[in-house]
Structure formats: structure tokens, C-alpha cells
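The values are calculated or read from the model by the stated rules, or taken from the named source; none is laboratory data. What you see is a predicted model, and the numbers here were worked out from it, not measured in a lab. Cβ placement follows ideal geometry from the backbone for every residue including glycine, while neighbour counts extend to all protein chains displayed. Quick note on the areas: whole protein, heavy atoms, side chains included, nothing else; ligands and nucleic acids left out. Shrake-Rupley method; radii C 1.70, N 1.55, O 1.52, S 1.80 Å.
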Amino acid sequence: MAPLSFLTIAAASLLSYCNAAAIEPRQSSSQYTYVNLAVNTGTSVHRASGVLYGVPDVQGQIPSSFYTGMGFNYLSAGGAQDPAATGWIYGGYTTRFLEIVSNYETARSYGAQFILKMSDIWGADGTQATTAEWPGDNGSYTEFDRFLAQL
């Protein structure tokens, strides 16, 4: 019997979870929420203010007013936006890691939380070949364990 890949196991787990849950009834009109934009109910707390996929790693390239003006709360990055950085699976870990550190420092300097995109630093960013290594390939997590230890 062939070993199961990480994706196969994850898909099977998700499928079993979905099948075990009861189907929720449709919402009725009494369950809708309405927002009246003409009514001021207080100061915005910017719960979803942030940046996906990182910011330039050149400090100061983006003016401070950009971050402070939007109520900057989150920054997520993994280094995948640099075409010269390929991620762990292709030997480009260091370049992506340095970009992550730069993005982390930017986020923290404005009091924002940082969200690490581990898949990007691994190298799973849509540019990887179909033959790229994935955690659990051939039943082995050795390379993924090395990656986590380095990270």
C-alpha cells in the first residue's frame, strides 16, 4: 500500500469533519443584520486594517503616514513576493527569511501584529513545480522537521 501524502490526510480529515456536522437551516429575515451608515456609533477600531503579502523590505520606502493613517493592526508575509527568493524547498530560505524579519520589524514598529505565512517560506507559493517536495511525501516528514527546526 502506498503511503498517504499530507494533503490526502488533510483532505480526508476535512471531509470526515464536514460529513459529521448537521446541515444548518437557512437564515430567516429576522436573522439579518442591518447597518445604517448614516448613524455614527463611535470611533473606528480598525479591526481588519492590515496588509497581506508583505511590504517592501526597504525601510522607509513607504511613508509612516500610510501605516498610522489606516490604523495598522496586521501584516502577513512569508517572502513569496520576491522573485529572486524561492523558499526552503529550492534553497531560497535565507532571502525569504530576511524579508520576513524586515516585515516583522515594520509591523512591530507600528504596534501591529505579524502573521507568518509558513507555506511561503517553505516555497509553496504557486510557482513550485509539480515535483516539489511537500511535508509527508513518501511518508517522511524529515525535511519538514528540518525546516521547522531552522525556522
Reported set for the stretch 116-132 where residues are closer than 15 Å to Gln81 by Cα and not hydroxyl-bearing (Ser, Thr, Tyr) is Leu116, Lys117, Met118, Asp120, Ile121, Trp122, Gly123, Ala124, Asp125, Gly126, Gln128
Would you confirm whether or not the stretch 75-90 contains a residue that is assigned to a helix (DSSP H, G or I), out of contact with any strand residue (DSSP E or B) (no Cβ under 7 Å at 6 or more places or on another chain) and open to solvent by 50 Å² or more (accessible area, probe 1.4 Å)? yes
All but one of (1) more than 17 Å from Glu143 (Cα to Cα); (2) buried (at least 18 other Cβ atoms within 10 Å of the Cβ); (3) touching a helix residue (DSSP H, G or I) at 6+ places or on another chain (Cβ under 8 Å) hold for Ala107; which doesn't? (3)
Of (1) under 30 Å from Ser44 (Cβ atoms); (2) under 15 Å from the mean Cα position of the chain (by Cα); (3) not in a strand (DSSP E or B), Tyr67 satisfies all except one. Which? (2)
Single condition Ile62 does not satisfy, out of (1) of a type in the set (A, V, I, L, M, F, W, C); (2) free of Cβ contacts under 8 Å to residues at least 24 places away in the same chain; (3) farther than 30 Å from Thr43 by Cβ; (4) part of a loop (DSSP other than H, G, I, E, B): (3)
Scan the stretch 136-149 and give yes if some residue there is open to solvent by less than 40 Å² (accessible area, probe 1.4 Å) and over 29 Å from Gly60 (Cα atoms), otherwise no. yes
Hits in the stretch 51-108 - residues which are modelled with pLDDT of 90 or more, closer than 14 Å to Trp122 by Cβ and of a type in the set (Phe, Trp, Tyr): Trp88, Tyr93, Phe97
Where Gly111 falls short, out of the listed (1) more than 18 Å from Gly50 (Cα to Cα); (2) assigned to a loop (DSSP other than H, G, I, E, B): (1)
